[in-house]
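**Student:** Below you will find the structure I want to go over with you.
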Amino acid sequence: MPSYTVTVATGSQWFAGTDDYIYITLIGSKHCSEKNLLDKPFYNDFERGAVDSYDVTVSEDLGEIQLVKIDKHKYWYKDDWYCRHITVKTPAGDYLEFPCYRWIGNDKEVVLREGTAKLVTNDVTQIHKQHRRKELEERQKQYRWKEWHPGFPLSIDANSYSELPHDIQFDSEKGVDFILNYTKAMENLFVNSFMHMFQSSWSDFADFERIFVRISNTISEYVMQHWQEDFMFGYQFLNGCNPVMIKKCTKIPDKFPVTQEMVAESLERKLTLEQEIELGNIFLVDYELLDGISANKTDPCTIQYIAAPICLLYKNLENKIVPIAIQLNQTPGPENPIFLPSDSKDDWLLAKIWVRSSDFHVHQTVTHLLRSHLLTEVFAIAMYRQLPAVHPIFKLLVPHVRFTIAINTKAREQLICECGLFDKANATGGGGHVELVLRAMNYFTYESLCLPTAIKMRGMESKEDIPYYFYRDDGIKVWDATLNFVKDVVDIFYDSDKTVCEDSELQAFVKDVYVYGLRDNEESGFPKIIKTKEKLVEYLTLAIFTASGQQAAVNFGQYDWCSWIPNSPPTMRCPPPTTKGEVTIQYIIESLPDRGRSCWHLGAVWALSQFQDNELFLGLYPDEHFVEKSVKKAMAKFRKNLEDITSFIQDRNKNKNLPYYYLSPDRIPNSVAV
């Protein structure tokens, strides 16, 4: 009688194993096997990390194996099992791979297809077509869209983390409790003694060192030593946490009436301001998004303030970007002076601090939350709803949305919700962050998410004119490597533009992103339909880069750049100055966050800057959703390109006081998971 060898791989995460009864049924083109219990006498089957093999003997030839059905029945108590994959060796000696990579609950039945990726147009058998439809029907019941707040991109329909499908929850060893993580961070940083000291001001700048952990040879200590210097202020617009704001200035805005006389002392080439603009040496950063945003009023004992500054920067003879004029609000006038490097040291320092505080708000809420976390969740939900596991685009994207829905759900539950952790230390807490996201949605465009295009839109593409913009240089390298990998995969499964157009599942995925994620907003520029392979490659590259490279660039430097509180204040406790010559060091200290808010801020940026346990970095795909040799070859090529980029960045960073490593591929996680 024909005999098949079935090999079952159990996951290695905590509690992946099971003592339940596992049955398998082989479904062939001719016949189906009996329901076989997978059990070895005197052996503990399906332990965590185990690979177990079983012989399945059948009475007749099953034909080509089309599906494998797994049944799990409770032995004693609730005992979910994580199945990685199943391999079937046929009587003819052929090996068939059936990827699973999901949790199987009590009394559940899971039907798996052989791992070869198939478009909907490739399926010819009725059993495969039916399996495909049923999988999507079940997924669409599990993954439902919901409006967390009017005007936001839609998110997962779950009121709490515990309501999420088990398959997208964190592994048990991963910490997902923000309150616990922040508290642990403050204990690790030895600042927990200050965490409840709200309304208690620091004595001076040196007093902030009491909560500043000095880690030798890191950016954070260098920032603490040099934060008051103009070059450090300007450098952060290029390579800090929020390197997406600076743009080349082609005309001084009417609302920012900087004159030649104001900045003449700062223009080292002895040219006029207009001439410097023409030469491309003048840059602008405008925080107009913050104008009118409500400041945090959750603590009646502390009045908090938000400004919407405009900053003019200059590329000096050393090719350093330095500030030459700052206006702290959008409407010019006698009570909104333009601060200059020639003003008193304290005036100029406080103006720069206000800009840094404003940058922090836009970074956290727009650059990080909206344009990274929320967007990636949109791609994730649409993928689960519209692409079956056998679809090549599902296989391509699924490693890049790992744990994203989970971390965002936890954030809505503890971090950005009403009375959440965001309210404790941030001036945009208490609802201002919601207003800011809604306003930023008006400028949320497809083009601005395509890195090379976004760089050009800001006039920042020239390496010769702007030589030290490492975010741009490394980012484009990673973007190009990702794009080439995506192109290799797309070329394997789509032979023409017509194939793209005829892929109804792909088009449903794109439509879901546009209609629900982007709220049917035509001005966003997101496509409703994709008609060419070239556009598909760009679209998928955008999704992967947003979840990996862009997230790494704006997330993992937070402790480096924001742990020295005066360099990135999360709130300001005194209003912006309306006249010059009255600012004192004491006024600056009173403006900065109090001891309690400083500690909560420090705990936050520490926790957010840490990699997750068992982090998977870009190009590493231990879950083998693809079985095709051609795809594995493309993956190997991708990894080689990423290794070359890593080596280049390591060589460049040698002996640098300010190394830039956030876009080094060996430090870029595959997905948004923190």
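**Student:** Name the residue, out of ARG652, ARG667, ARG639, that is within 20 Å of the chain's Cα centre (by Cα) and among the charged types (D, E, K, R).
**Tutor:** Numbers: ARG652 fails: within 20 Å of the chain's Cα centre (by Cα); ARG639 fails: within 20 Å of the chain's Cα centre (by Cα).
ARG667 is the lone residue from the list that is within 20 Å of the chain's Cα centre (by Cα) and among the charged types (D, E, K, R).
**Student:** Still on this structure, I have one more. What residue, of THR90, THR25, THR116, is of a type in the set (S, T, N, Q), surrounded by 17 or more Cβ atoms within 10 Å (Cβ to Cβ) and under 42 Å from the mean Cα position of the chain (by Cα)? Give the derivation first.
**Tutor:** On the way: THR90 fails: under 42 Å from the mean Cα position of the chain (by Cα); THR116 fails: surrounded by 17 or more Cβ atoms within 10 Å (Cβ to Cβ).
Going through THR90, THR25, THR116 in turn, just one is of a type in the set (S, T, N, Q), surrounded by 17 or more Cβ atoms within 10 Å (Cβ to Cβ) and under 42 Å from the mean Cα position of the chain (by Cα): THR25.
**Student:** Something else about it: Could you check the stretch 480-489 and list, in sequence order, the residues that are more than 22 Å from the chain's Cα centre (by Cα) and surrounded by 22 or more Cβ atoms within 10 Å (Cβ to Cβ)?
**Tutor:** Within the stretch 480-489, VAL489 is the sole residue that qualifies.
**Student:** Okay, next question. Please list, ordered by first then second residue, the pairs with beta carbon atoms under 8 Å, 6 or more apart or interchain, first in the stretch 476-493 and closer than 17 Å to ILE649 by Cα, second surrounded by fewer than 17 Cβ atoms within 10 Å (Cβ to Cβ) and of a type in the set (Phe, Trp, Tyr).
**Tutor:** As it stands, the answer is LYS477/PHE648, since those pairs meet every condition given.
**Student:** Sticking with this structure for a sec: Scanning the stretch 549-582 for residues that are part of a helix (DSSP H, G or I) and of a type in the set (A, V, I, L, M, F, W, C), which turns out nearest to ALA425 (Cα to Cα)?
**Tutor:** Filtering the stretch 549-582 down to residues part of a helix (DSSP H, G or I) leaves 549-555, 558-562, 565-567.
The next check asks that each one be of a type in the set (A, V, I, L, M, F, W, C); those that pass are 552-554, 561-562, 565.
Values: ALA552: 23, ALA553: 23, VAL554: 20, TRP561: 17, CYS562: 13, ILE565: 12 Å.
Restricting to residues being part of a helix (DSSP H, G or I) and of a type in the set (A, V, I, L, M, F, W, C), the top hit is ILE565.
**Student:** Hey, another quick one. Right, MET245: within 30 Å of the chain's Cα centre (by Cα) and either open to solvent by less than 30 Å² (accessible area, probe 1.4 Å) or in contact (Cβ under 8 Å) with a residue 12 or more places away in the chain (or both) or not?
**Tutor:** Details: within 30 Å of the chain's Cα centre (by Cα): yes; either open to solvent by less than 30 Å² (accessible area, probe 1.4 Å) or in contact (Cβ under 8 Å) with a residue 12 or more places away in the chain (or both): yes.
Here the answer is yes, as MET245 does meet what is asked.
**Student:** Next question, about the same structure. Applying the selection to the stretch 327-337, what residues are more than 12 Å from PRO576 (Cα to Cα) and either β-branched (Val, Ile, Thr) or part of a loop (DSSP other than H, G, I, E, B) (or both)? Give the derivation first.
**Tutor:** Restricting attention to the stretch 327-337, the residues satisfying the condition of being more than 12 Å from PRO576 (Cα to Cα) are 330-334.
Those that are more than 12 Å from PRO576 (Cα to Cα) and either β-branched (Val, Ile, Thr) or part of a loop (DSSP other than H, G, I, E, B) (or both): GLN330, THR331, PRO332, PRO334.
**Student:** Does the stretch 141-179 hold any residues that are open to solvent by 40 Å² or more (accessible area, probe 1.4 Å), within 29 Å of GLY49 (Cα to Cα) and either part of a strand (DSSP E or B) or at pLDDT below 90 (or both), and which are they?
**Tutor:** Correct list: SER172, GLU173, ASP177.
**Student:** Something else now. Considering only the stretch 29-59, state which residues are open to solvent by less than 80 Å² (accessible area, probe 1.4 Å) and either over 21 Å from CYS83 (Cβ atoms) or touching a His at 6+ places or on another chain (Cβ under 6 Å) (or both).
**Tutor:** Answer for the stretch 29-59, where residues must be open to solvent by less than 80 Å² (accessible area, probe 1.4 Å) and either over 21 Å from CYS83 (Cβ atoms) or touching a His at 6+ places or on another chain (Cβ under 6 Å) (or both): SER29, HIS31, THR57, VAL58.
**Student:** If you go through the stretch 9-20, how many residues are outside any loop (DSSP other than H, G, I, E, B) and farther than 14 Å from TYR95 by Cβ?
**Tutor:** First, pick out the residues of the stretch 9-20 that are outside any loop (DSSP other than H, G, I, E, B): 9-10.
Narrowing the set further to residues that are farther than 14 Å from TYR95 by Cβ leaves 10.
Of the residues in that region, 1 qualify.
**Student:** Can you name every one of the helices (runs of 4 or more DSSP H) wholly within the stretch 370-439 that holds 3 or more residues which are within 30 Å of VAL486 (Cα to Cα)? Spell out how you get there, then give the answer.
**Tutor:** Values: elements: 375-386, 392-397, 404-414, 422-425.
The helices (runs of 4 or more DSSP H) meeting that bar are 375-386, 392-397, 404-414.
**Student:** Search the stretch 492-523 for residues being farther than 14 Å from THR445 by Cβ and part of a loop (DSSP other than H, G, I, E, B), and hand back the single one that is most open to solvent (accessible area, probe 1.4 Å).
**Tutor:** Looking at the filtered set, the residue picked out is ASP495.
**Student:** Another one. When only residues in the stretch 37-60 that are in contact (Cβ under 8 Å) with a residue 40 or more places away in the chain and in a loop (DSSP other than H, G, I, E, B) count, which is nearest to PRO622 (Cα to Cα)? Give the derivation first.
**Tutor:** Kept after step one, since they are in contact (Cβ under 8 Å) with a residue 40 or more places away in the chain, are these residues of the stretch 37-60: 50-60.
Next, from what is left, pick out any that are in a loop (DSSP other than H, G, I, E, B): 50, 58-60.
Details: ALA50: 16, VAL58: 33, SER59: 36, GLU60: 36 Å.
The qualifying residue nearest to PRO622 (Cα to Cα) is ALA50.
**Student:** What pairs can you find where one residue is in the stretch 524-541 and in a helix (DSSP H, G or I), the other is at pLDDT below 95, and their Cβ atoms are less than 7 Å apart, with a gap of 6+ or different chains?
**Tutor:** Correct list of pairs: SER524/PHE444; SER524/LEU518.
**Student:** Go through the residues of the stretch 462-475 one by one and say whether even a single one is out of contact with any Pro (no Cβ under 8 Å at 6 or more places or on another chain), of a type in the set (A, V, I, L, M), open to solvent by less than 50 Å² (accessible area, probe 1.4 Å) and not in a loop (DSSP other than H, G, I, E, B).
**Tutor:** Within the stretch 462-475 (the criterion being out of contact with any Pro (no Cβ under 8 Å at 6 or more places or on another chain), of a type in the set (A, V, I, L, M), open to solvent by less than 50 Å² (accessible area, probe 1.4 Å) and not in a loop (DSSP other than H, G, I, E, B)), the answer is no, since none of the residues qualifies.
**Student:** Quick check on this structure: which one of LEU369, LEU415, LEU449 is surrounded by fewer than 24 Cβ atoms within 10 Å (Cβ to Cβ), of a type in the set (A, V, I, L, M, F, W, C) and closer than 18 Å to PHE526 by Cα?
**Tutor:** On the way: LEU369 fails: closer than 18 Å to PHE526 by Cα; LEU415 fails: closer than 18 Å to PHE526 by Cα.
Criteria check complete, one pass: LEU449.
**Student:** Would the stretch 534-544 turn up any residue that is over 22 Å from LEU618 (Cβ atoms) and either out of contact with any Pro (no Cβ under 9 Å at 6 or more places or on another chain) or modelled with pLDDT under 95 (or both)?
**Tutor:** Here is the first cut: in the stretch 534-544, the residues over 22 Å from LEU618 (Cβ atoms) are 534-535.
Imposing the further condition that a residue be either out of contact with any Pro (no Cβ under 9 Å at 6 or more places or on another chain) or modelled with pLDDT under 95 (or both) reduces the set to 534.
Yes, the stretch 534-544 has at least one match.
**Student:** Going by the conditions given, is THR579 among the hydroxyl-bearing types (Ser, Thr, Tyr) and touching a helix residue (DSSP H, G or I) at 6+ places or on another chain (Cβ under 9 Å)?
**Tutor:** Working: among the hydroxyl-bearing types (Ser, Thr, Tyr): yes; touching a helix residue (DSSP H, G or I) at 6+ places or on another chain (Cβ under 9 Å): no.
So THR579 does not fit the description; no.
**Student:** So, one more: So how many residues does the stretch 580-615 have that are surrounded by fewer than 18 Cβ atoms within 10 Å (Cβ to Cβ) and out of contact with any Asp or Glu (no Cβ under 9 Å at 6 or more places or on another chain)?
**Tutor:** The qualifying residues number 4.
The values are calculated or read from the model by the stated rules, or taken from the named source; none is laboratory data. This one's a predicted model, so the numbers in the text were calculated from it and none came from an experiment. Because the Cβ atoms are built from the backbone with ideal geometry, glycine has one as well, and the counts that use them run over all protein chains shown. Calculation scope for accessible area: heavy atoms of the full protein, side chains included, ligands and nucleic acids excluded. Shrake-Rupley method; radii C 1.70, N 1.55, O 1.52, S 1.80 Å.
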